[in-house]
1. Going by Cα centres, region 299-331 and region 527-585 are how many Å apart?
2. Check the straight Cα-Cα distances from K360 and name the lysines below 21 Å, setting aside those fewer than 8 residues away within the same chain.
3. How tilted is helix 595-614 with respect to the longest principal axis of the chain? Cα atoms for both, answer in degrees (0 to 90, nearest 10).
4. Quick one: with all protein chains in place, what share of the accessible area of the chain is carbon or sulfur, to the nearest percent (1.4 Å probe)?
5. Using a cut-off of 28 Å between alpha-carbon atoms, which lysines can reach K273, once sequence neighbours fewer than 8 places away in the same chain are excluded?
6. Hey, what angle do you get for helix 392-407 against the long axis of the chain, alpha-carbon based, 0 to 90 degrees rounded to 10?
7. Starting from the eigenvalues of the Cα gyration tensor, five times each then square-rooted, give me the equivalent ellipsoid semi-axes of region 408-525, largest first, whole Å.
8. Determine the principal axes of the Cα atoms in region 1-135, then give the extent along each, sorted from largest to smallest and rounded to whole angstroms.
Amino acid sequence: MNALAELRRRFKSALEGLADDPAQLAEMVLPSQDAKFGDYQANCAMPLGKKLGKKPRDVADQLVERLAAQDGFDAMCDPPEVAGPGFINLRLRDAWLTEQLTAALADERLGVELVATPRKYVVDYSSPNVAKPMHVGHIRSTVIGDTLANVLRLLGHQVITDNHIGDWGTQFGMIIYGYKNFRDEVALETAPVAELGRLYKLVNQIGDHQATVADKLPALKEKLAAAEERVEDLKAEPSTGDAKADKAVAKKLRQAEGAVVELRKEIESAEAKVAAFEDDSLLAEMSSKHPEIGAAALAETAKLHEGDAENLGLWKRFLPACLDELQLTYDRLGVAFDYTLGESFYHDRLAPVVKDLQAKGLARESDGAQCVFIDGFDAPFLVQKKDGAFLYATTDLATIEYRAKEWAPDAVLYVVDHRQSLHFEQLFATAKLWGYDQELTHVSFGTVLGEDGKPYKTRSGSAVGLMGLLDEAVDRARAIAEKSSVLETDAERDEVAERIGIGAIKYADLAHNRTSDYVFSYDKMLAMTGNTAAYMQYSVARVKSIFGKGGVSAASLRSSDAELRLCEPAERALGLELLRFSEALERVAAEYRPHYLTGYLFDVAQRFAEFFEKCPVLKADDEATKASRLLLCDLVARTLETGLELLGIRVVERM
Ligand code: ARG
């Protein structure tokens, strides 16, 4: 039962006839910030009083009267109190709370109700570009998407998960070019993924080098010259005699000088990179033998897309190895998708999309390219390039069309980092013009940062490979497992380390509001106290150990005639928190934000720790109290376990 939702329903009906926006005002019922104001608090009497020209306290009194007259209200709540300027403080009746918790105990779903109107969701997440190493941003998409899919499903929605992998992009042109020119046959046979990775890196590195020499450095130098000229001009500017104007000039000069310093630094580091490359005789030779490697790789991609037999053959040969590699990561993360329809799947559907957009007058030629011009955007949405090539945008439009036809979803969620915001805004606007009116939401997320505040990289400077990241977390978690006195065998310690390590990474990602950047820190994510997976796993193990020590089985306790009673304040506070599971889940689903669930689980774990300190369980004064407290413990364990499961985190029996 979602008590907050029930209270809002009751407020809405009490507000009917008094206000013209009862539903909106009813949203002003919120959990209390402080237990001394009750369990929930409604602030709606203030704005309503203002609007009606009445004293808010009088409006509050009237609302309370109407609530009291409702069927069942007095069974749910103690008589509400009107406080201060017109706050309505609500406290759930102990008997009602106990009844709800007793029902939750007997329910596999822990009292979480199914939504009244289930929707069909497609969740597009993870979606890495294969043949390139997956990076830390892809974990964020994977764990957020997985959690949202799990939560929506538990609430009764229909969910289709689709991993929209990039399996058709320019990286394949790079690999094909690398294969044709630099391959090591033996390595390709024995360790294909590593060899493909090497080829990709090699072509990428040479391409970067050539682009730096040909374009980037000259452009930087031009900018520097302009900045230096500006500094000279500003220095030469005669004083006007007006102090304010002189100050403004001085400020401009400082800024221009700052720009010069920055540009010099940038040039220096680019030149150092160029020099290091040239010093490597092998690389230097390859580069001179393969000038304009970037364009050559693009040409290989174009040939692949045109159906060139050789390139298509190579793509078909390389793809399985890339997918197997990806699968290893998903297995380790315990994530599975209903569909993996990558970009290549839509290849034949792209030309018809552009045709249809043209026919409907949405796309038109501009500079030889096909563009959709949308009101409110500076730049048009490009759907076909001058040379005939289709784009990421075209594929996404084809995907919207396909999903609508095949699945007819009510909503499609794209869990992709915030740098693609503009792409999705334009995509959604185009889709709307094109006639698709389902909900399309970019569930965007921030960047994972290193301790230096820059996007997370390993010490060697390469973007972090995902497997290496997981390995390191598990290695460090092994230290926690080593310290435990309850783990007996090495195999048990390994298993616990794996669960704590992987759990730590996932939890750290999920516990931060997705729209913020966050700092990736092994020390923080593996801490045994605070809002971490380890603390949550430890809490579950601790509750389970109570049952072990007492020689009680939770299942038989549940089917016995043991009764739940909330007597001590710490028991009631814990019980109230446990009741709020539905509330947390519905909040996650409403805003597509998993951190409401981690925050909730942390609150439960804290309320449990307080309860456990104040209320002896196995040593309770009498058998009835002991049984009641064990029931609470059981509900704590199952709530935490279910919550962690939704986050894709496995619990441990002991640690
Ligand atoms: N492959 C893209 C990337 O790694 C993400 C794809 C997201 N999904 C989509 N339908 N565009 O950046």
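The values are calculated or read from the model by the stated rules, or taken from the named source; none is laboratory data. Worth saying up front: this structure is predicted, and the values here are computed from it rather than measured. Cβ sites come from the backbone with ideal geometry, for glycine too, and all protein chains shown count toward neighbours. We work out accessible area using only protein heavy atoms, side chains counted, and drop any ligands, DNA or RNA first. Shrake-Rupley method; radii C 1.70, N 1.55, O 1.52, S 1.80 Å.
1. One Cα centre to the other: 50 Å.
2. Candidates past the 8-residue exclusion: K385, K386, K405, K432.
3. Value to nearest ten degrees: 40.
4. Values: 16240 of 31730 Å².
Exposed carbon and sulfur together represent 51 percent of the surface.
5. Once the sequence-local lysines are set aside, what remains near K273 is K132, K180, K201, K216, K221, K223, K265, K289, K454, K457.
6. Between the helix axis and the principal axis of the chain, the angle is about 40 degrees.
7. On the way: eigenvalues 290, 66, 23 Å².
Taking √(5λ) for each eigenvalue gives 38, 18, 11 Å, largest first.
8. Reported extents, whole Å, longest axis first: 67, 39, 30.
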